[in-house]
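For reference, the structure is listed below as structure tokens.
Derivation of every value follows stated rules applied to the coordinates shown; laboratory data play no part. Bear in mind that the values here come from a model prediction, so they are computed numbers and not experimental data. A quick note on method: Cβ atoms are made from the backbone with ideal geometry, for glycine too, and the neighbour counts reach across all protein chains shown.
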Amino acid sequence: MVPKKHAEEHYLNTHASVSCSLCSETMEREILAVHRGENCPQRIVTCEFCEFPLPAIDLSEHQEVCGNRTELCHLCRRYIRLRERNDHEASCNGVSYNSAGVPDNTVNPSRRDARAAERERGRQRRRPPQEFSQRRVLFTIAITGIAVILGSLFFQRKTENSEMH
């Protein structure tokens, strides 16, 4: 319940129609913040493979290409797709393969130990998923804040210019 004397103010602050500055979709002011942070197709998100920031609407297509890029596994010397890297790292035993795809049996024990140590260093370097997502959220909030400020300035200038004419 809203007192009658505050009804208009309540309507303007909560239920009035506003446009998203990123995608121009119209909605009630009350849901604008959620839309910008979670639903707006133009909100900035980052690729899980290269951490490149881009609009959410383009993420799927970008990650399809980006995830198919390969990197050399320093343990088994095979090229691994980025989308398969985590599974590969969890199961890689450091066995090298010759050009025929047959395990190379010439690996000596000291080399195998060095590979095990390198694999362990790789695990330690990997970021915990929670830290990575917190960084993404903070980055997204910062970009959204900048977009809101720029949108507000643009809208203010547009309003001032229309009032002068």
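Quick rundown of the values:
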quantity: Global geometry of the range 1-54, whether rounded, prolate or oblate, following the gyration tensor of its Cα atoms and the 1.5 cut on a/c; calculated: prolate
quantity: Sites residue 148 and residue 71 - FRET efficiency at Förster radius 41 Å, r taken between beta-carbons, to 0.05; calculated: 0.65
quantity: Highest average packing first - 6-18, 52-64, Cβ atoms within 10 Å; calculated: 52-64, 6-18
quantity: Extension gain from residue 95 to residue 1, taking 0.36 nm per residue of separation minus the Cα-Cα distance; calculated: 26.9 nm
quantity: Prolate/oblate/rounded label for the range 23-82 (Cα gyration tensor, a/c 1.5); calculated: prolate
